[in-house]
Structures are given as structure tokens and as C-alpha cells.
Amino acid sequence: MSMKTRINISLFFLGLGGQIAWAIENQFFNTFLYDRIIPDPRYVSIMVAFSAITATITAIIMGALSDSIGRRKPFLLYGYLAWSISIWVIPMAGWIKPVLLAAWVVIFLDSLMTFFGSTSYDAVYNAYLTDVTNDTNRGKAQGLLSLATWFALLLVYGTSGPVVERFGYFIFFGIAGALVLISGIAGGIAAIEPQRAIVPVKDPLLKRIGQSINTKALRQNKNLLYVLFAIGFWGMAFNVFFPYLLIYLKHFLKVDMATSSILIAVSILVGGIVASLPAGMLADKIGRKPTAVFAVILISASLIAFSFARQPVSIGILATMWIIAQTIWMTSTGAWSKDLFPEERRGEFAGYFTLFYVAFTMIPGPLIGAIVASTWGIRTTIDGKPGIIPTPEIFTVSAILILITIVPLVFAKDLRQTVK
């Protein structure tokens, strides 16, 4: 097997397993907490915030540790093993009484799962992808990751409705954990240590991290900082609605889980899987910046239109449009940021990427969404418990906030295009 084939196999399967796990964590831990424990969006926003903080701290420290040790593969192989096991234990919290204790146990277990995922995926996988590519093919590699991402989401969302309704969350999380384990083993075995040797660093870990965030380092990496701020603003706006998407479909639009799964599966198939590799090639060909700006305009318009959708066909079409925009954005800015990672600190800077991609997005975003839902939402009783149903305003607010992304993009330079 050629080196290129091994790299592509490792990138795809590690990406697939990682995104299956994150799809479960980002959506189905939320719906499990809401449907089985306590139907209050505020607890969802708390769980997402705790997870984001855990992911950020973990990614920075463990990414720097990977750089210091000078290896990626052990973090990938063993990290995915622990990650898969942590998914299996989540539904056990449903056995706990009272419900408030059960809710906080779910929040704790979610943070534990996030620790393993942020180590193996956020920090080390992103550094590994950067190590084994360059600025001429990184967009295509990001496209391969986007393909794995949307395939994972198709697999998860396409099967979630029937499995959850027929067998329950316990079996659903068990199957998901098994898929993460299998993908992690396949990708971890195929992974190679980068041909460019990662030079181990003897400086203490905290000193090394401090050197990356002083004033001089920030000036040297200001272009990367602009891109990361753009990623942060996008993610914040996106997470105003995304954690509540299934809740919105089920409880506001009255779309059953099976129909939701079909709609999401079709949208992902067209908007994610079909668009992934073309988006990556587009980012390599015409540049990261114009591709990213186009994505901002497309998603804002799509979300505003989505807020008015009520019929399955219009819901599916408009969801496809904002998924296409999300695919283009992830591919272009993912490649752009990795182009700018300092070569000797890629694991650590993958952690800073997580700071903007996760903490700066998943803490304020869901909180804003919860505030919007509490302000305009429908107060009702679900399974005998007081609850709040999110309304279309979460999409309108998201569409407006996402336009802020344009500001840092104006200042950010696509150095790859500038050099050429």
C-alpha cells in the first residue's frame, strides 16, 4: 500500500469516527438530556458550555504535549479507544433519580467524553492532517475530511430515528460507540508518523504554551488570528440554532423522528457529501478567502428562508442550502487556518483552533439560542414536565449574527494566494 493511500485511509476513517462521535455529542446527548431527563433548553446550554471549556483546555494542553513528545499515532489509536467507551456509559445516567442529579451526571459524563475526543481529534488529528499535507493539497484533504464528516452525519441522522424509537437511546449510543471504535482502529493503524520529523521539545509544557500567546507571538500570527476570529463568529452564530435543531423539528414543526431522519439524510447527501470534494478543490484553485466569503452570504440567506419553511420539501431544500454553505466554510477556513499553523507547534495551534472553533462558539451560541427560545419560545408541558419549545427566531438571529464573520475576513490575507 502506497504512503499516499495510507494517509488518505487514515484521514478518512479517523475523520469518520471522530465526526460520528461529535455528531452524537453535539445533537443526541442534547436530545437525550431534553427528552429523557429534563425538557429545559437551559440545561442543554450548560452542558454545551462545560463541554466547550473542556474541549478547549484539553486540546491546547494535549496538542502541546503531542508536539513535545514528537508523536501523533499513539494519541490517535488509544484516544479513539477511550473515546468510544465513554459514549457507551452516557445512557446509564437515565437510571438516576432525582432528575436534577441525573442531569448533572449527564453533563459530567459529556465532559469526560469530550476530554478523550478533544485529545485524539481536535488536537492530534488536526495536527496530523496538517503534517501530512501542504498548501497545494490541503484544501482537497479538508474536502476529504468534510466528506467523512457528512458521511458520519448521514449515518448517524439517517439511522437515529428508527433506532431510537424502536430500541431506545441505550442501544443507539452502543452502536455509535462501536462505530467510533472500528473507525478509530482502522484509521489509527493506517496512520503514519509524519515524514517531517516532529522535533521533541524539552521546555516545560506551560512555558511552551506561554510562548505562543505572548504579544510577540500574537503579532507574528495576526493573520491566523483574523481567520480564527472569523471561525469563532461563524460557529457562535451557527450554534444559536444547531443544538436545538432536532428539538425544533420534533416539537415546533411536529415532524416525527423518522421523517426528520429522512430530511436530514437527503440534505446531508446532497449538501454535504456531494459538495465536499468540489469545495476543497475550489478552495485550492481560487483561494480560501473568496470561497469563505461566498459561504457567509449563502448561509445567511438560507437560514432566513429556513425560518419560514413549514413543509417537508421546503425544509429539505433549504436545509441542503445551508449545509452546502457549511461545507464550503469548513473546507476553506479549515485549510486556510492550517496553512498558517507554525510548523513546530501544529498540535498546540490545533488546540488554539479548538479555542475559537469550540469555546468561542459553543458557549455563547447555545446560550444566545436558549435566551431566544426563552423569550420567543412556546411554554408547554412535555411528558408531565414544564418545558420550552424553540421557535423560528433562533434561525433569524443566527442568520443576522453570522454576517459579523465578514469583518475579520476583510482583514485576513490568503498568504497562499498572495505568494502566487
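Mind telling me which of the residues THR391, THR405, THR396 ends up being assigned to a helix (DSSP H, G or I), surrounded by fewer than 21 Cβ atoms within 10 Å (Cβ to Cβ), polar (S, T, N, Q) and modelled with pLDDT of 90 or more?
THR396
Considering only residues that are assigned to a helix (DSSP H, G or I) and within 27 Å of GLY232 (Cα to Cα), which ones fall in segment 69-85?
Within segment 69-85, PHE75, LEU76, GLY79, TYR80, TRP83 qualify.
Which is over 26 Å from LEU253 (Cβ atoms) and modelled with pLDDT of 80 or more, of SER314, SER337?
Answer to the check: SER337.
Among the residues of segment 83-95, are any β-branched (Val, Ile, Thr), crowded, with 24+ Cβ neighbours inside 10 Å and at pLDDT 85 or above?
Yes, the conditions are met somewhere in segment 83-95.
Given the condition touching a strand residue (DSSP E or B) at 6+ places or on another chain (Cβ under 8 Å), surrounded by fewer than 21 Cβ atoms within 10 Å (Cβ to Cβ) and not small (Gly, Ala, Ser), answer yes or no: does some residue in segment 272-291 qualify?
Of all residues in segment 272-291, those touching a strand residue (DSSP E or B) at 6+ places or on another chain (Cβ under 8 Å) come to none.
The answer is no; no qualifying residue exists.
Only one of these conditions is not met by PRO39: (1) modelled with pLDDT under 90; (2) buried (at least 20 other Cβ atoms within 10 Å of the Cβ); (3) part of a helix (DSSP H, G or I). Which number is it?
(3)
How many residues does segment 134-173 hold that are more than 20 Å from the chain's Cα centre (by Cα), assigned to a helix (DSSP H, G or I), of a type outside the set (Asp, Glu) and surrounded by fewer than 17 Cβ atoms within 10 Å (Cβ to Cβ)?
5
Return the only residue of ILE20, ILE7 being of a type in the set (A, V, I, L, M) and either within 21 Å of PHE353 (Cα to Cα) or not in a helix (DSSP H, G or I) (or both).
Testing whether each residue is of a type in the set (A, V, I, L, M) and either within 21 Å of PHE353 (Cα to Cα) or not in a helix (DSSP H, G or I) (or both) leaves just ILE20.
Take ILE24 and decide whether it is of a type in the set (A, V, I, L, M), within 26 Å of ILE382 (Cβ to Cβ) and in contact with a Gly (Cβ under 6 Å, 6 or more places away or on another chain).
no
Which is farther than 18 Å from ASP35 by Cα, of a type in the set (A, V, I, L, M) and modelled with pLDDT of 90 or more, of ILE175, ILE192, ILE171?
Only one candidate qualifies: ILE175.
Being surrounded by 15 or more Cβ atoms within 10 Å (Cβ to Cβ) and under 24 Å from the mean Cα position of the chain (by Cα) is the filter here; which residues of segment 96-111 pass it?
ALA103, TRP104, VAL105, VAL106, ILE107, LEU109, ASP110, SER111
Can you go through ALA309, ALA301, ALA325, ALA292 and tell me which one is more than 21 Å from PRO408 (Cα to Cα) and either at pLDDT 90 or above or not hydroxyl-bearing (Ser, Thr, Tyr) (or both)?
ALA309
Residues are listed down the side, and each one gets a yes or a no for (1) more than 17 Å from GLY232 (Cα to Cα); (2) in contact (Cβ under 8 Å) with a residue 40 or more places away in the chain; (3) of a type in the set (Phe, Trp, Tyr):
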| position | (1), (2), (3) |
| --- | --- |
| LYS289 | no, yes, no |
| ALA295 | no, no, no |
| ALA301 | yes, yes, no |
| ALA319 | yes, yes, no |
| MET330 | no, yes, no |
| ILE363 | no, yes, no |
| SER374 | yes, yes, no |
| ILE388 | yes, yes, no |
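Condition first: closer than 21 Å to ALA152 by Cα, modelled with pLDDT under 85 and in contact with a Pro (Cβ under 8 Å, 6 or more places away or on another chain). Can you find one or more residues in segment 270-277 that meet it?
no
Counting only residues that are free of Cβ contacts under 8 Å to residues at least 12 places away in the same chain and assigned to a helix (DSSP H, G or I), which one in segment 93-107 is farthest from LEU14 (Cα to Cα)?
Let us first name the residues in segment 93-107 that are free of Cβ contacts under 8 Å to residues at least 12 places away in the same chain, namely 95-98, 101, 104.
From what is left, the residues that are assigned to a helix (DSSP H, G or I) are 95, 101, 104.
Details: TRP95: 32, LEU101: 34, TRP104: 30 Å.
Within segment 93-107, the match that is farthest from LEU14 (Cα to Cα) is LEU101.
Can you list residue pairs whose Cβ atoms sit under 8 Å apart, with the first residue in segment 258-282 being farther than 23 Å from VAL313 by Cα and the second being basic (Lys, Arg)? Count only pairs 6 or more apart in sequence or on different chains.
Taking only residues 6 or more apart or on different chains, the pairs are LEU277/LYS140; GLY280/LYS140; MET281/LYS140.
Can you go through SER146, SER118 and tell me which one is under 30 Å from ILE61 (Cα atoms) and modelled with pLDDT of 90 or more?
On the way: SER146 fails: modelled with pLDDT of 90 or more.
Answer to the check: SER118.
Out of the residues in segment 52-82 that are among the aromatic types (Phe, Trp, Tyr) and surrounded by 24 or more Cβ atoms within 10 Å (Cβ to Cβ), which is modelled with the highest pLDDT?
Pass one, segment 52-82, residues among the aromatic types (Phe, Trp, Tyr): 75, 78, 80.
Now narrow it down to the ones that are surrounded by 24 or more Cβ atoms within 10 Å (Cβ to Cβ): 75, 80.
Values: PHE75: 89, TYR80: 94.
So the residue we want is TYR80.
Condition first: buried (at least 23 other Cβ atoms within 10 Å of the Cβ), in contact with an Asp or Glu (Cβ under 8 Å, 6 or more places away or on another chain), among the β-branched types (Val, Ile, Thr) and part of a helix (DSSP H, G or I). Can you find one or more residues in segment 351-371 that meet it?
Yes, because at least one residue in segment 351-371 is buried (at least 23 other Cβ atoms within 10 Å of the Cβ), in contact with an Asp or Glu (Cβ under 8 Å, 6 or more places away or on another chain), among the β-branched types (Val, Ile, Thr) and part of a helix (DSSP H, G or I).
For segment 372-381, enumerate the residues that are surrounded by 14 or more Cβ atoms within 10 Å (Cβ to Cβ) and in contact with a strand residue (DSSP E or B) (Cβ under 7 Å, 6 or more places away or on another chain).
Correct list: ALA373, SER374, GLY377.
The values are calculated or read from the model by the stated rules, or taken from the named source; none is laboratory data. On a predicted model such as this, the values are computed, not experimentally measured, just so you know. Don't worry about glycine lacking a Cβ; one is built from the backbone with ideal geometry, like all the others, and counts go over all protein chains shown.
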